[in-house]
Amino acid sequence: MEPDRFHAFVEGAVDAVFQGDAAGRFMAVNEQGCILAGYSREELLAMSMADLFSPGELSRAALRYDVLSEGKTITAERLLTRKDGTVVPVEMKSKRMPDGTYQSIMRNLAERQEAETVLKTSEAKYRRLHESMTDAFVGVDLAGRILECNVAYQTMLGYTEDELRRLTYMDLTPEKWHAFEAQIVAGQILSRGYSDVYEKEYRRRDGTVFPVELRSVLVRDAAGKPEVMWAMVRDITERKRLQAAAEKRLLALTCPQAGDAAVLFDDLFNLADIQRIQDEFAAATGVASIITRPDGTPITKPSRFTRLCSEIVRRTAKGCANCYKSDAILGAPHPGGPIVQPCLSGGLWDAGASITVGGRHVANWLIGQVRDATQTEEGMRAYAREIGADEAAFLEAFREVPAMSSERFRSVAQALFTLANQLSTAAYQNVQQARFINERQQAEETRFALERKLLQAQKAESLGRMAGAIAHNFNNTLCALRGNLELAMNGLPPGTDVAKNLAAAMQAGRKASELSGLMLTYLGQTVGNHELLDLAEACRQTLPALRAAMPNGVDLQAELPSPGPIIWATAHQVQEVLTHLATNAWEAFDGEQGGIRLAVKTVAPAEIPVHRRFPLDWQPQDTLHACLEVTDSGCGIAATDIDAIFDPFFTTKFTGRGLGLSIVLGLVRAHGGGVTVESAAGRGSLFSVFWPVLAETDSRSPAGREMPAGPK
């Protein structure tokens, strides 16, 4: 680089540049060096490095230029003393040149440290704000992976932050919402940078599902490229509960099957809005006003109540009772117009109109507390004595009551009647809307349930056809294989290697035949020698083998009545069901100690749980059912897995479990029974198996009974 261009480069540098001789005297310095040190260029050229650093700083290696190796750069942080005496931290990079001179580049660290302090303070404020938010807050990348979340989000879902960082938001969202969520992301967040407020569901760590409300925004990087999606998430479980309760009360107005369920005015209107309308009506007309329930108890706060009514009459027991009675009469349904009459408690003029919805009386709107010439002081004095009020105070308050002509008051009462009718119409429209929303929600829930059953039925049908064909063809192949093996073994001396190998092959063939038989059992395509069987006794005979097979640390308890309910099955089938359920239970302990409880009982169809029934289309017969319960205290089943646990070869374990639970379902389904499951991750499981109960006198053979067919 040419000398002039090099000089211009050094002068334009953002860092301070010093050049000096081996003794430390400055030979050259740029403008930034002058600014950093606080000296002019002329002053610095008459100085040395020793003038800018204390003796202690000067003695440190980075400032001892006499020991610098040629061509080697030493970097260190030191304290420089400026002309005004202030000390600033600097980062120094020093290098010895071939001619014995040195060069140092210095950078003021005070600004960087100040910026770092500001950044740390800002980050701390952000973190405090982030963690103090009552609503959940989460950030995900464009692939949906969770990058950051606050404590509220973690608490809401039951995960730690580390666990959430290994998940995507789709892992937390039930499958039925996946398509909807993808549409929101593509159609709103990525296209315009934010979403409207929308609702969906989340799944907690324990498998429970709950409704949430979200609003999401897109954050872009410096180049404008989409980087992170942030979402505010609010648990709306309580809001939904209150909404459902209100809708239930509203629907009682138009649904005869709802019976006499109480419908409250509070559920039909926003009381704050009603209070404002009442206050403004009272102020505009000059009358007192209040809205009460049909029995006269107040709903709203009084507007423009006179001192006579609020502080004297209603403070006495008899006066207050007369007021409530009068309010109930004034607010009685009267479609021809408002009811106008003297109050039963004092005789002031009052009026009222009813608010009705769907023919039901829900509230009274009352106005009044005005007087005219018909109310005399003598009459007021007599009423004061009747209710036990102070006569002088009563008359003083009576003189404060506003006066109004009867024509003016009746005009105000007619306006009240019109307004009350408008409220009745609005309330009815709210009811109709609630009914529509309820019906739509029920239709959606029915559609989801039907789609789920259809998919399950299609899966079962496809699996049944495929498995049945495979099992039968497999059996045919095995018959040929085993027949040839038997022919090959004929005439062989026992104990030879060839005989042993053929025997092992025969044993493997028998196991393969058993597997094929189990698959046919799942499909309900096997026929057994059924008999009238005591379910409790069949379980009791299986217990010794179960206890012998169970691992140490598993406590097995049984509650088996004698005699037990009678079912149509074989002892071997009951043993298969119980063994597979018990094996599934003790495997849930993962090597730890636990307890298993077996119980047999008889239940009515109404006592059978309606949720988590298998098969999904199973409808219990209208008869008593024998129930075998197997309860364990193990790890439980995640909500996402319950619908698949009866599929052949489904497992959540690395080693697999084969056909265990699918065999249970196949055996029970073949007898018109079913299975229900109650479980959650970390809370253990309850499997309940149901068979129709038979009378001991019913000895008809399987051919004489209507038995359900397995899947075709």
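Go through (1) within 26 Å of the chain's Cα centre (by Cα); (2) at pLDDT below 90 one by one and return the number of the condition Phe269 breaks.
Condition (1) is where Phe269 drops out.
Tell me yes or no: at least one residue of the stretch 537-547 is under 21 Å from Leu686 (Cα atoms) and surrounded by fewer than 16 Cβ atoms within 10 Å (Cβ to Cβ).
Scanning the stretch 537-547 turns up at least one residue that is under 21 Å from Leu686 (Cα atoms) and surrounded by fewer than 16 Cβ atoms within 10 Å (Cβ to Cβ).
For (1) over 13 Å from Cys343 (Cα atoms); (2) in the same structural domain as Ala403 (by TED's automatic domain parsing); (3) crowded, with 16+ Cβ neighbours inside 10 Å, each residue gets a yes or a no:
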residue: Thr306; (1), (2), (3): yes, yes, yes
residue: Lys318; (1), (2), (3): yes, yes, no
residue: Cys323; (1), (2), (3): no, yes, yes
residue: Gly331; (1), (2), (3): no, yes, yes
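Within the stretch 165-192, track down each residue that is outside any helix (DSSP H, G or I) and of a type in the set (A, V, I, L, M, F, W, C).
Just the residues of the stretch 165-192 that are outside any helix (DSSP H, G or I), to begin with: 165-174.
Answer for the stretch 165-192, where residues must be outside any helix (DSSP H, G or I) and of a type in the set (A, V, I, L, M, F, W, C): Leu167, Met170, Leu172.
I'd like to check something: does the stretch 526-536 contain any residue that is at pLDDT 85 or above and among the charged types (D, E, K, R)? Steps first, answer last, please.
Let us first name the residues in the stretch 526-536 that are at pLDDT 85 or above, namely 532-536.
Still in the running and among the charged types (D, E, K, R): 534.
Checking the stretch 526-536: at least one residue is at pLDDT 85 or above and among the charged types (D, E, K, R).
Go through the stretch 368-394 and give me each residue that's touching an Asp or Glu at 6+ places or on another chain (Cβ under 7 Å) and farther than 15 Å from Gly319 by Cα.
Correct list: Gly368 only.
Taking the stretch 438-458 on its own, how many of its residues are of a type in the set (Val, Ile, Thr) and at pLDDT below 70? Before the answer, list the steps.
If we filter the stretch 438-458 for residues that are of a type in the set (Val, Ile, Thr), which is where we start, we get 446.
Filter again for at pLDDT below 70, leaving none.
Final tally of qualifying residues: 0.
For every residue, the table says whether it meets (1) among the aromatic types (Phe, Trp, Tyr); (2) modelled with pLDDT of 75 or more; (3) out of contact with any strand residue (DSSP E or B) (no Cβ under 7 Å at 6 or more places or on another chain).
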residue	(1), (2), (3)
Asp632	no, yes, no
Ile637	no, yes, no
Thr640	no, no, yes
Ile645	no, yes, yes
Phe650	yes, no, yes
Gly660	no, no, yes
Arg669	no, yes, yes
Gly672	no, yes, no
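Take the residues of the stretch 211-225 that are touching a strand residue (DSSP E or B) at 6+ places or on another chain (Cβ under 6 Å) and exposed (fewer than 15 other Cβ atoms within 10 Å of the Cβ): which is farthest from Met170 (Cα to Cα)? Break it down stepwise before answering.
Step one: filter the stretch 211-225 for residues touching a strand residue (DSSP E or B) at 6+ places or on another chain (Cβ under 6 Å), giving 211-221.
Okay, now just the ones that are also exposed (fewer than 15 other Cβ atoms within 10 Å of the Cβ), so 217, 219-221.
Details: Val217: 17, Val219: 20, Arg220: 22, Asp221: 24 Å.
By that ranking, first place goes to Asp221.
Thr300 fails exactly one of the following numbered conditions: (1) within 20 Å of Phe417 (Cα to Cα); (2) touching a Phe, Trp or Tyr at 6+ places or on another chain (Cβ under 6 Å). What is the number of that condition?
The number of the failed condition is (2).
Give the residues of the stretch 556-611 that are assigned to a helix (DSSP H, G or I) and free of Cβ contacts under 8 Å to residues at least 12 places away in the same chain, sorted by residue number. Spell out the reasoning first.
We begin by selecting, within the stretch 556-611, every residue assigned to a helix (DSSP H, G or I); these are 571-587, 605-607.
Selection gives Ala606, Glu607.
Answer yes if at least one residue in the stretch 270-281 is crowded, with 21+ Cβ neighbours inside 10 Å and within 18 Å of Ala427 (Cβ to Cβ), and no otherwise. Working first, answer last.
The initial filter retains those residues of the stretch 270-281 that are crowded, with 21+ Cβ neighbours inside 10 Å, namely 278.
Subsequent filtering for residues that are within 18 Å of Ala427 (Cβ to Cβ) retains 278.
So far as the stretch 270-281 goes, yes, one or more of its residues are crowded, with 21+ Cβ neighbours inside 10 Å and within 18 Å of Ala427 (Cβ to Cβ).
Mind checking which pairs have a first residue in the stretch 137-161 that is assigned by TED's automatic domain parsing to the domain that holds Val185 and a second that is of a type in the set (Ser, Thr, Tyr) and surrounded by 17 or more Cβ atoms within 10 Å (Cβ to Cβ), Cβ under 7 Å, 6 or more apart or different chains?
That search, which allows pairs on different chains as well, returns Phe137/Tyr153; Val138/Tyr153; Val140/Tyr169; Gly144/Tyr169; Ile146/Tyr169; Leu157/Tyr202.
Find the residue count for the stretch 560-603, including only residues that are of a type outside the set (A, V, I, L, M), under 27 Å from Asp622 (Cβ atoms) and surrounded by 18 or more Cβ atoms within 10 Å (Cβ to Cβ).
So the answer is 5.
To keep it simple, each residue is scored yes or no on (1) closer than 26 Å to Glu377 by Cα; (2) out of contact with any Cys (no Cβ under 9 Å at 6 or more places or on another chain); (3) without any contact (Cβ under 8 Å) to a residue 60 or more places away in the chain.
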position	(1), (2), (3)
Thr285	yes, yes, no
Ala288	yes, no, no
Lys325	yes, yes, yes
Ile329	yes, yes, yes
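The values are calculated or read from the model by the stated rules, or taken from the named source; none is laboratory data. Since we're looking at a predicted model, the values are computed, not measured. No Cβ is skipped: glycine too gets one built from the backbone with ideal geometry, and neighbour counts run over all protein chains shown.
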